[in-house]
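*Asks:* If you scroll down you'll find the structure; I have some questions about it.
The values are calculated or read from the model by the stated rules, or taken from the named source; none is laboratory data. The structure displayed is predicted, hence computed values, not measured ones. Here the Cβ positions follow ideal geometry from the backbone for every residue, glycine too, while neighbour counts run over all protein chains shown.
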Amino acid sequence: MQRETLDVDVLIVGGGPAGLSAALRLAQLQKQHGGAQVSIAVLEKARDAGAHELSGAVLDPSTLAELIPDFRQRGAPLATEVHSDRVYFLTTKHSLPFPIIPPPLRNHGNYIISLNAFVRWLAAQAESEGIDIFTGFAGQDLLIEGDRVVGVRTGDRGIDKRGDQKPTFEPGVDIRAKVTVLCDGVRGNLTKELLRRYQLGRGREPEQFAIGIKELWEVPRDRIESGTVMHSMGYPLRHDEFGGGFLYAMPEGRLSVGFVVGLDYKDPLFDPHVAFNRFKRHPLVARLLDGGQMVRYGAKALPEGGWNTVPQPYTAGALIAGDAGGFLNSMRLKGIHLAMRTGMLAAETAFEAVRSNDTSAAGLASYTDKLDRSAVKTELYPVRNVHQAFGYGLFAGLTFAGLNLLTGGRWPKRLNGVAGYERMQTLRSYYGDATSADILASNPASPSQSASFPVDRRLTFDKLTNVHYSGTAHDENQPPHLLVHTEVCESICGPEYGHPCTRFCPANVYEIVHEAGRPRLQINASNCVHCKTCDIMDPYAVITWVPPEGGQGPQYNGM
Amino acid sequence: MILLIAEHGRGELNRATWETVAAAQLLAKRLGGLPIKIVVPGGSDPVAQELAAAGVGDVVTLANPALEPYTPDGYVIALATAMASLSPQFVVVPHTYQARDFMPALAARLNKPLITDVTALAGSADAPSFLRPMFQGKLAAEVRPDGDPPYFVTFQIGAFRADQVQRGSSPANVSTVEVAVDRSAIRQTPEAPFQEAQRAVDLSQAPRIVAVGRGIKSQEHLPLAESLAKALAAELAASRPICDSGWLPMERQIGSSGQTVAPKLYLALGISGAIQHLVGMKGSRTIVAINKDPDAPIFEVADYGIVGDLFEIVPAIVTELQK
C-alpha cells in the first residue's frame, strides 16, 4: 500500500500541556538562534485541540510564566485565583476540617482552570507561531528502523469492524522525524510500546496510577465562593485505599467536583464510580450540589508513582514528556506545570540534537541532566517515596508524608512498590470463605459496600448517563480499539475476581451479558472516554487500549 | 405552467422524481389546473420516454453533450437559458443531494425565491404557500414566495407519495431543445460517483414506531412486538442492547449511536430510557411507554405511561386494534 510520508525535524505526539509547551519552546529557540528552520509537527487524536483534556484543575503558574511571560496580556483562560484552601477528613456523616492545611495542598498563588480551555488557548498560541497541529490524527504505531525511532504512523481511517476498507478509506500517514517527542499522556499507547521494546523502565519502581472521575456542575452562585479549593480524605475510601475528593469553585457557579482513587485497591468488587457517587452524597458535598445541574462528565488516569517510577525518558530518536513519563506530583495533586516543564526541556534537548545532527541515544541523553538540574527534580525528588508509603495504608502513608515533610525528604531507603493491578485480591482471598465468594461472583449486583449504590438521577447518576455527558462518540463500524483476550474473562477472571472491568471502567464499556446462562463479555467500545484505566488495572493485563479512528472520543468542553 | 426538473443519472430516473410529480399535480390543482411540463436536462431518451408514458405533461429534453455527466455549472447555465424561453410560474424538484447542489445557484443566478425541503402545500389559489420544517422538525414554517415568478421549490423526499400520481390516458409529447452551454464556463470536473452503503430502512420517515428494549427479554419474544407494529402499520425499532445482541439489525437502532426519529407515535416497550436512547426519540409527537419499573426514566418523557408487564399488555392492545 502506498502511504503518504511527511518529513519533519521534530514530531510531537500529543497536543496537551506537554506537547504544546514543547512546540512553543521549539519555536522560541528557533527565534533565538536563527539559522535553518527546524520543522515541527504536532499530532493530536482529538478532533479539536483540548477536546480530550481533563484535569481538576489547579494550575501552578510557575512554568507558564517562564514559557509565556505575558500570559495575562495574551488572555490565558485562568478562571480564578485560589484564595481559600480547605482540607477535610470525612467520616460517613461528618467532616472534620484540618486545622492547618498541609503545605503540599496550599494553593496560594495558583489558579483554578479548565484544562480544556487552557489547552485550546495554548494551541492558539502555538498556531500563531506557525506550528502545524494536526488534530484528529492519532499516533498508531512507532516507526522503528534498526534501534531507533524514526517517527510515527497515524491511524488508518475508514476501516470497518471486520478490518475491511470502507469507501471512505484513507491510509495513515508516516510522519518521519529526526526526534519524536512522545507526549501521549498517561499510559500513552506509543510510550507503552516504547517502554516495552527498549525496557526503559528497567531498574525503576513499577509505575503507579490512579483514576480521577470528574463532573462539572452549575450550582446557584451564592453556594460557594469562587476561588475555593476543597480536598478530602477518608470516606468513602477505607484505610487501605488511596485517594480523595476535590471541589474547585469557579466564577458564575461553575464547580468542578471529582474523586481520585489509587489503582492499587485490593477489593475486586470496588468501583471508583460508586466511590464518587458516595462522595457526592456526603453531606459536605451534597449541600453544595443540591439544586445544581451536572453539565459534563469525564475520567482519566493519573501517573502517581513519582520520581522513582519515571522511566529512562529518552532513547535513540525519541523523548518522553508529561504524564506519559509519569511527571506528576501526587502530593500536590498537580502535573500540568510539570508536563509543561518537561515538554520545554524535551524541546531544548531535541533542538540541540537536531542542530548538532546527533539524535542518537547519546545525543538525547542530556535530557536526563536537564531534568536533574530543573525544578522537576527539586519538586519530585523529596517526595519520591511518599506514594509508595501509602501502600502500607492511609495512616502509615500520612505519617510518612508528615515525617517526609519535616525531614525534607531525607530517607535513606527507596520504598518499593508493586504494580497496582497485582495488589487486587481474588474474591476468595478478599472475602474469605468460598460460599460468599461464589455468591458474589454469580451476582454482579453484589451486596458489597463498594460495588453498588443506588442513584437518584439528581446528585448521582449511573455510568451510562454520565457517559452521555462526556460527549464521547465513536463510529460503531470500526475495528475494536480495546483489544481483550476474552477467553480469560469467562473461564478465569469471572470466577476469581468477578469481572472487575465492569467496575473499574467509569464509562460502562465492559458489560457482562448472560447468554444461555453463560456470561459473555460485551465491549461497548463507543462509550470509551480514553481514560486508560482498563489498560492499567485489569488483573491479568489482558486489555490493550489502542487509539480509535482519529477525531473520535470525548468532548471535554469546559472540563 | 409548473416546470418539473427530472433527476436522472447513468440513464435511470431517480424515483424521487415521481414524488415530485405527485406534488406538482397537487400544486397544479390548487392553482386551478396549471399545465405541467417536465424537463430532462442532458436528454436521456429512456428517462424521457418513461416520464412521457405516464402522460402527466409534456416532456422536454435539454440536449447538450456538456450536460452529461452532471455538473452544477452545466445545469445552471442550461436551465437558466431554458427558463427564459419557457417562463414557468413554479419550478419544482425533489430535495435530493443534486438539487441541493444546483438549485440555490440557479435561483441566485435568476434572483428568484427558493423554498426548500417542502413537506406540504398550504395557502389559497391566489397566494399559495408551502410548509417546511425548521429547528430539526420541531416547527413547520409556512412560507410564501415573494416577487415575480418563477418560484423555485424543492420537495422533501417521502413527503408526497409516488403512488398517488394521476396518470394520463395517453402518452405525452416528447420534444428536444438544443441548449447552448459554454464548456469553458463549467468549473467542475466530476469524478466517478461513489456511494456509501445504503440504509435499507429509513426510520426517520416512519410516522409510527414501535421500539423494543431489554424488557423484551429474548429474541423469541420479538414477534410479539412485530405483531403490534403490524397492527399499527408501524416500523419496528429498538434500543441499543437489542441491536448489540443482534436481535435486530443496527439500522433499526434509535438513539445517540443510531438514528434520531420524530414520528407521530412512538411506542416504547420495555425500554428503561437511558439518556442515549431519549435523545434519539424525545422529539416524537406522542410517546407511549410500557415498562415494569415505575421509576424508569422513560416515563419522564412519555405522554402516556403504562406500568406493567408488556407480555400481558401488548397482546391486549393488538386484540383491540384488530377489532
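*Asks:* If we scan the stretch A:57-71, do we find a residue that is at pLDDT below 95, surrounded by 20 or more Cβ atoms within 10 Å (Cβ to Cβ) and under 26 Å from A:A473 (Cβ atoms)?
*Replies:* Yes - at least one qualifying residue is present in the stretch A:57-71.
*Asks:* Would you mind telling me which numbered condition in (1) at pLDDT 90 or above; (2) away from chain B (no Cβ under 12 Å) A:V488 fails?
*Replies:* The number of the failed condition is (1).
*Asks:* Among A:K93, A:K166, which is outside the structural domain of A:G317 (by TED's automatic domain parsing) and charged (D, E, K, R)?
*Replies:* Every option except A:K93 fails the conditions.
*Asks:* Among the residues of the stretch A:220-233, count how many are of a type in the set (S, T, Y) and in a strand (DSSP E or B).
*Replies:* Number satisfying all stated conditions: 2.
*Asks:* Which members of the stretch A:1-15 meet the condition of being in a strand (DSSP E or B) and surrounded by 24 or more Cβ atoms within 10 Å (Cβ to Cβ)?
*Replies:* Across the stretch A:1-15, the qualifying residues are A:V10, A:L11, A:I12, A:V13.
*Asks:* Select from the stretch B:268-293 the residues that are within 14 Å of chain A (Cβ to nearest Cβ) and assigned to a loop (DSSP other than H, G, I, E, B) and write down the one among them that is surrounded by the fewest Cβ atoms within 10 Å (Cβ to Cβ).
*Replies:* Here the residue is B:D293.
*Asks:* Which ranges mark the strands (runs of 3 or more DSSP E) fully within the stretch A:48-137 that have 2 or more residues being closer than 23 Å to A:R254 by Cβ?
*Replies:* A:78-81, A:84-90, A:111-113
*Asks:* Give me the residue from the stretch A:485-499 that is more than 28 Å from the chain's Cα centre (by Cα) and not acidic (D, E) and, out of that set, surrounded by the most Cβ atoms within 10 Å (Cβ to Cβ).
*Replies:* If we take residues in the stretch A:485-499 being more than 28 Å from the chain's Cα centre (by Cα) and not acidic (D, E), then A:P495 is surrounded by the most Cβ atoms within 10 Å (Cβ to Cβ).
*Asks:* How many residues are part of a strand (DSSP E or B), at pLDDT 90 or above and either under 23 Å from A:Q478 (Cα atoms) or within 11 Å of chain A (Cβ to nearest Cβ) (or both) when one looks only at the stretch B:226-267?
*Replies:* Going through the stretch B:226-267 one residue at a time, the tally reaches 4.
*Asks:* Given the options B:A192, B:A197, B:A140, B:A159, name the one that is at pLDDT below 90, outside any loop (DSSP other than H, G, I, E, B), of a type in the set (A, V, I, L, M, F, W, C) and not assigned by TED's automatic domain parsing to the domain that holds B:K282.
*Replies:* Every option except B:A140 fails the conditions.
To keep it simple, each residue is scored yes or no on (1) free of Cβ contacts under 8 Å to residues at least 24 places away in the same chain; (2) in contact with a Pro (Cβ under 9 Å, 6 or more places away or on another chain); (3) within 14 Å of chain B (Cβ to nearest Cβ).
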| residue | (1), (2), (3) |
| --- | --- |
| A:S84 | no, no, no |
| A:L105 | no, no, no |
| A:G109 | no, yes, no |
| A:V119 | no, yes, no |
| A:L122 | no, yes, no |
| A:F134 | no, no, no |
| A:Q140 | no, yes, no |
| A:D164 | yes, no, yes |
| A:V181 | no, no, no |
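*Asks:* Additional query: For the stretch A:513-523, indicate whether the set of residues that are acidic (D, E), in a loop (DSSP other than H, G, I, E, B) and within 14 Å of chain B (Cβ to nearest Cβ) is non-empty.
*Replies:* Checked against the condition, which is being acidic (D, E), in a loop (DSSP other than H, G, I, E, B) and within 14 Å of chain B (Cβ to nearest Cβ), the stretch A:513-523 yields no hits at all.
*Asks:* Among residues belonging to the stretch A:168-195 that are at pLDDT below 95 and not in a strand (DSSP E or B), point out the one that is surrounded by the fewest Cβ atoms within 10 Å (Cβ to Cβ).
*Replies:* Result: A:P171.
*Asks:* If B:R214 meets every condition in (1) within 14 Å of another protein chain (Cβ to nearest Cβ); (2) farther than 19 Å from B:G308 by Cα apart from one, which number is that one?
*Replies:* Of (1) within 14 Å of another protein chain (Cβ to nearest Cβ); (2) farther than 19 Å from B:G308 by Cα, only one is false for B:R214: (2).
*Asks:* If you don't mind, there's one more thing I want to ask. Looking at the stretch A:234-283 only, could you name the residues that are at pLDDT below 95, part of a strand (DSSP E or B) and over 13 Å from A:A210 (Cα atoms)?
*Replies:* Hit for the stretch A:234-283 is A:G234, nothing else.
*Asks:* Another question, if that's okay. Looking at B:Q205, B:Q219 in this structure, which one is free of Cβ contacts under 8 Å to residues at least 40 places away in the same chain and surrounded by fewer than 14 Cβ atoms within 10 Å (Cβ to Cβ)?
*Replies:* After applying the criteria, what remains is B:Q219.
*Asks:* Further question: Quick one: in the stretch A:524-539, of everything that is over 17 Å from the mean Cα position of the chain (by Cα) and either in a helix (DSSP H, G or I) or surrounded by fewer than 17 Cβ atoms within 10 Å (Cβ to Cβ) (or both), which residue is nearest to the other protein chains (Cβ to nearest Cβ)?
*Replies:* Taking the candidates together, the pick is A:S526.
*Asks:* Taking A:L482 as the residue in question, decide whether it is under 22 Å from B:R214 (Cβ atoms), more than 10 Å from every other protein chain (Cβ to nearest Cβ) and either surrounded by 17 or more Cβ atoms within 10 Å (Cβ to Cβ) or in contact (Cβ under 8 Å) with a residue 24 or more places away in the chain (or both).
*Replies:* Taking the combined requirement at face value, the residue does not satisfy it.
*Asks:* Taking the criterion of being surrounded by 13 or more Cβ atoms within 10 Å (Cβ to Cβ), among the charged types (D, E, K, R) and part of a loop (DSSP other than H, G, I, E, B), would at least one residue in the stretch B:101-114 satisfy it?
*Replies:* yes
*Asks:* Just the residues that are surrounded by fewer than 16 Cβ atoms within 10 Å (Cβ to Cβ) and polar (S, T, N, Q), please, taken from the stretch A:78-128.
*Replies:* Selection gives A:S84, A:T91, A:T92, A:S128.
*Asks:* Within the stretch B:227-248, count every residue that is within 25 Å of the chain's Cα centre (by Cα) and in contact (Cβ under 8 Å) with a residue 12 or more places away in the chain.
*Replies:* Residues that pass the stated criteria total 11.
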